[in-house]
Amino acid sequence: MNLKTVLGNCEDNSLSGIKWHALKQSIVKSLLSMGDATIAELSTDLQSSVPTVTKALNELLASGLVIDSGKISNSGGRRPSLYSIAPESAYFLGVEANRSSMSIGIQNVKNEFVSIDLNSSFILENSYESLLEFCKRINDFIDDSQVDRSLIIGACINLSGRINSKEGFSYNYFFDENRPLVEIISELIHLPVFLENDTRAMAFGEYSQGVVEGEQNIVFLNYSWGVGTGIVTNGKLYYGKSGYSGELGHWPTFDNNKLCHCGKSGCLETEASGWALVEQFKKALSEGKKSHISIDPHQSPMQMYHKIISGALIQEDNLCIDLITKQCENIGRILAGLINLINPELLVIGGDFSQLGDFVLLPIQSSLKKYSLGLVNRDVVLKKSILGRRAGVIGACYIIKNRVLFPEDA
Ligand SMILES: [Zn+2]
C-alpha cells in the first residue's frame, strides 16, 4: 500500500469496503494537511470514534504509509503518540525551463528535496526537437535520482509566457495547436503533468517556503530577462479566466515607438527588462559612456545580459547601476499602479535582478512611494526573495502536490 493506492479508487466494491477505504483516505489527507496528529486529534477532525480510527491507523502503520513520529510534548500524564505520513511514500517533481537553462527537483511528502539540479545549460526553443531534449533531461534526472518512478505522483512544469494551465496549452514555447502540451509531455515522461507559468510558480515557492511569513495577499515580481508578476490573493494563486494574469511586463507604459517581442509597442519591458538592458548598455557605449564591462559582439544577448548584471553586482560598475536604477524607477511606477489596484500586504522582488539587493530595492521603493496612494503604500512591505533561483522548482513541487492531494482547494 502506498499513497497512490490509498488515494486511488477502492478495489473492494462492498459497502463496508468502500467505507473503510474512505476512512483511510480521510486519515491520510488529514495527516498530509496537519503534518502530524494524535489519534484523538484525528478522531475529532474526522468525527469518527477513537477505536475505529485506531483500527484504520494500525492498518496504515502496518503498511508503512503512516509512521509513529514520537510522543507529543505536554506537561504531565501519559503522552500520546504523534503520527505522520512516511516522507518517502510519495514524491513530487518540479521542473523549470527558461531561455538558457533548466532546473529540476524531486521533493518528498514533507517537501524536502531528495534530488535537485539547478540551472543546467539548456536552450529553450519553440520546437519539437527542443521538447524531446527537455523530456530526455527529465527522464535522465529521474533515473539518476534513484527515486522509484511509480512513487512520483505528478510533475509541474514551469514555462515562460502565456500558459493556459486549465487546458494545458503553452503558447510561447513547445506550442502545438492540436494537442495540449501536458498530454505530450505526460506521454514522454510517463507521469501526470500540470503546466504552470514560471513567474506564478516562483511566487508560490516564496509563499510556501520562502520570504512570506503568513501574509495572504502578495505580489511577487520576477525581474529577469522579461518582467512578470505572480499574484496570491487570500492564500491562493490568482489565474484570471485562462491563466494569463500577471503580465506586468506588457503593461502599456511608454510612447516610445519601440516594439516589444509580444507584438505591441511601448510595453514596460521595452525600457525595463533584461533584454532592454542589453540594448541600453550597447547604446550607452556607442555614445561614448565609459564602463568597466566590455561587450564582445560575438556574445549572445543572453551572455551580455548576465555580464552586465554581474558587472553591477561584483564590480559595482556605475554605468550598469545607473541603467538598472532607471529601469527600477519605471518598474516602481507601474508597480505603484498595481498596488493601488489590489492593496497587497507584501511585495516580493525576485528574479535575476533581485540578487542586486538595495541597488534594485531602493529605487523601486522610492518610486512606489512617489507614485502610489499613501494609505495603500503604508500597507505594503517590500522584501527581497530569499529562495533566489530555487523559487520556481520549489513552487512547482508545492503546486503539483496541492493539485493532486487537495484538488478541492487548488
Ligand atoms: Zn509586450
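The set of residues from the range 317-339 being in contact with a His (Cβ under 9 Å, 6 or more places away or on another chain) and among the charged types (D, E, K, R) comprises just one member, 317. Just one residue in the set 121, 145 is open to solvent by 10 Å² or more (accessible area, probe 1.4 Å), at pLDDT below 95 and in the same structural domain as residue 397 (by TED's automatic domain parsing); that residue is 121. Inside the range 57-87, residues that are in a helix (DSSP H, G or I) and either outside the structural domain of residue 26 (by TED's automatic domain parsing) or open to solvent by less than 60 Å² (accessible area, probe 1.4 Å) (or both) make up a count of 5. Does residue 282 satisfy the criteria of being open to solvent by 10 Å² or more (accessible area, probe 1.4 Å), assigned by TED's automatic domain parsing to the domain that holds residue 329, away from the ligand (no atom under 11 Å from the Cβ) and modelled with pLDDT of 95 or more? For residue 282, the condition - open to solvent by 10 Å² or more (accessible area, probe 1.4 Å), assigned by TED's automatic domain parsing to the domain that holds residue 329, away from the ligand (no atom under 11 Å from the Cβ) and modelled with pLDDT of 95 or more - is met. Set side by side, the residues 223, 171, 244, 239 differ, and just one is assigned by TED's automatic domain parsing to the domain that holds residue 123 and either crowded, with 21+ Cβ neighbours inside 10 Å or among the hydroxyl-bearing types (Ser, Thr, Tyr) (or both), which is 171.
Has the range 313-327 got any residue that is modelled with pLDDT of 95 or more, within 16 Å of the ligand (Cβ to nearest atom) and part of a helix (DSSP H, G or I)? Yes, there is a match, as at least one residue in the range 313-327 is modelled with pLDDT of 95 or more, within 16 Å of the ligand (Cβ to nearest atom) and part of a helix (DSSP H, G or I).
Within the range 262-282, residues that are under 20 Å from residue 355 (Cα atoms) and hydroxyl-bearing (Ser, Thr, Tyr) have Cβ atoms under 9 Å from residues that are in a strand (DSSP E or B) and near the ligand (Cβ under 8 Å from one of its atoms) in these pairs: 273/267, counting only partners at least 6 apart in sequence or on another chain.
Checked against the criterion of being of a type in the set (Asp, Glu), out of contact with any strand residue (DSSP E or B) (no Cβ under 9 Å at 6 or more places or on another chain) and at pLDDT below 95, the range 125-140 contains one or more residues that satisfy it. The set of residues from the range 230-272 being charged (D, E, K, R), more than 17 Å from the chain's Cα centre (by Cα) and within 16 Å of the ligand (Cβ to nearest atom) comprises 255, 258, 264, 269, 271. Only residues that are open to solvent by 70 Å² or more (accessible area, probe 1.4 Å) and free of Cβ contacts under 8 Å to residues at least 40 places away in the same chain were counted across the range 334-369, and they come to 6.
Of the residues examined, residue 259 is one that is open to solvent by 20 Å² or more (accessible area, probe 1.4 Å), over 17 Å from residue 358 (Cα atoms) and in contact with a strand residue (DSSP E or B) (Cβ under 9 Å, 6 or more places away or on another chain). Considered as a group, the residues in the range 27-57 that are among the polar types (S, T, N, Q) and under 17 Å from residue 7 (Cα atoms) include one that is modelled with the highest pLDDT, and that residue is 30. Residue 364 meets the conditions (1) over 30 Å from residue 4 (Cβ atoms); (2) under 22 Å from the mean Cα position of the chain (by Cα) in every case but one. The failed one is (2).
The values are calculated or read from the model by the stated rules, or taken from the named source; none is laboratory data. The model shown is predicted, which means the values in this text are computed figures rather than measured ones. Note that we place each Cβ from the backbone using ideal geometry, even for glycine, and neighbour counts take in every protein chain shown. These area figures cover heavy atoms from the full protein model, side chains too; ligands, DNA and RNA do not enter into them. Shrake-Rupley method; radii C 1.70, N 1.55, O 1.52, S 1.80 Å.
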